[in-house]
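The values are calculated or read from the model by the stated rules, or taken from the named source; none is laboratory data. Computed from a predicted model, the values in this text were never measured in an experiment. Backbone-built Cβ (ideal geometry, glycine too); neighbour counts: all protein chains shown.
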């Protein structure tokens, strides 16, 4: 076998091994996420679920109440009886009778095979279903005002009978439990339970999920040290490995989780892919560098071949030089193309959206100031006004970054945009226009180079 043939075999085998490694998909990997979502679905085992200021409906068979000071029972005849001296209250509920409670604080522990999800947007209604293995689950409820009496009432459809200090009470139409403080509703001896939490002001979930789906989400996801920027309204689906112990925490709309995943997708696109596919989709500069590297290897091989043939004919040497020139041109064009793509992304993701939003603010202010010199635009939360461009602020030029920070700092002091800081807004808009013109000028130069 000739020396050139041996070299060719070695190169082919090396390239195949390299490509095989880069094309092998990830089977499982460490993952973590921090961000937020408009709604979600979680399945798994949870150590704690808390919700505050809610209306809750649950299905259970028995409960014991603490903190009650007065019991008011309405008999079937219509007469009422008030009981103030007692030590223990037990309530036995009728089967399939939903129990509504208002102004409650819910604390559920150790739920297995549990599903948690909102019933509509913005976590307004939360549905929880699961098997409980904890005897200490409870619901606490109290009145909105510290001067009012807390109370909870049941009717004969919901309650089968009462035990007050062991005495059984039946044949009533309603029972009301009152307290000047809070009442604790202890949940006993229930397994499979469904809870509907209506309009909780806070919700906090901690536990070990089996899977989590985030809808209309945004944040930063990492899988095997690969970063994925999640932008609203992305849908993220993560299934955790069964032999690991993942962690999830949801507080209001903030979401945080970590663990080992064996399946993940973003907008139905698999994320546990090979390195090469990941580079193509998320880091094209690495894919370009790989192909440039392979091209250089092949070019080097052909250069070696041509060197062996140079003694045979001058024409072979000329062909080798042409091939090398073409390779250098391709590499140069590839670099220029990457520069063009970066500048186009600056315009698309940062400068154009920022220019559009600033124009809206300026034209609104300019138009309204003609009618009312004291008109102002509330600007307490710049992240809400400029949420489309904040994640891409790093793309700004140094000059624009300075004006941008000065403008945000100035408006946060006044918490508004008005006649006094209209000039700062105009300066910022002018710098954005200057940067856009400069980027367009550079693009024109690079287009001429690659063409």
Cβ-Cβ under 7 Å pairs, at least 6 apart or on other chains, the range 74-94 side free of Cβ contacts under 8 Å to residues at least 40 places away in the same chain and on the phi < 0 side of the Ramachandran plot, far side assigned to a strand (DSSP E or B) and surrounded by 10 or more Cβ atoms within 10 Å (Cβ to Cβ): 80/72; 80/73; 80/74; 81/73; 81/75; 82/70; 82/72; 84/70
Residue satisfying condition, being free of Cβ contacts under 8 Å to residues at least 40 places away in the same chain and within 30 Å of residue 50 (Cα to Cα), within set 280, 242, 293, 257: 242
Strands (runs of 3 or more DSSP E) within the range 158-207 that include 1 or more residues surrounded by 18 or more Cβ atoms within 10 Å (Cβ to Cβ) and modelled with pLDDT of 80 or more: 159-164, 172-179, 183-187, 192-198
Subset tally (residues that are in a loop (DSSP other than H, G, I, E, B) and at pLDDT 80 or above) for the range 52-109: 13
Residue within the range 315-326 that is more than 28 Å from the chain's Cα centre (by Cα), surrounded by 14 or more Cβ atoms within 10 Å (Cβ to Cβ) and either outside any helix (DSSP H, G or I) or in contact (Cβ under 8 Å) with a residue 24 or more places away in the chain (or both) present: yes
Given (1) over 33 Å from the mean Cα position of the chain (by Cα); (2) at pLDDT 85 or above, index of the condition residue 335 fails: (2)
Which listed residue is closer than 14 Å to residue 432 by Cβ, loosely packed, with under 14 Cβ neighbours inside 10 Å and over 28 Å from the mean Cα position of the chain (by Cα), from 370, 360: 360
Flag for residue 412 being surrounded by 15 or more Cβ atoms within 10 Å (Cβ to Cβ), part of a helix (DSSP H, G or I) and either in the same structural domain as residue 349 (by TED's automatic domain parsing) or touching a strand residue (DSSP E or B) at 6+ places or on another chain (Cβ under 8 Å) (or both): no
Count - residues of the range 425-451 that are free of Cβ contacts under 8 Å to residues at least 60 places away in the same chain and crowded, with 17+ Cβ neighbours inside 10 Å: 1
Residue in the range 381-400 that is in contact with a strand residue (DSSP E or B) (Cβ under 9 Å, 6 or more places away or on another chain), modelled with pLDDT under 80, assigned to a helix (DSSP H, G or I) and crowded, with 18+ Cβ neighbours inside 10 Å present: yes
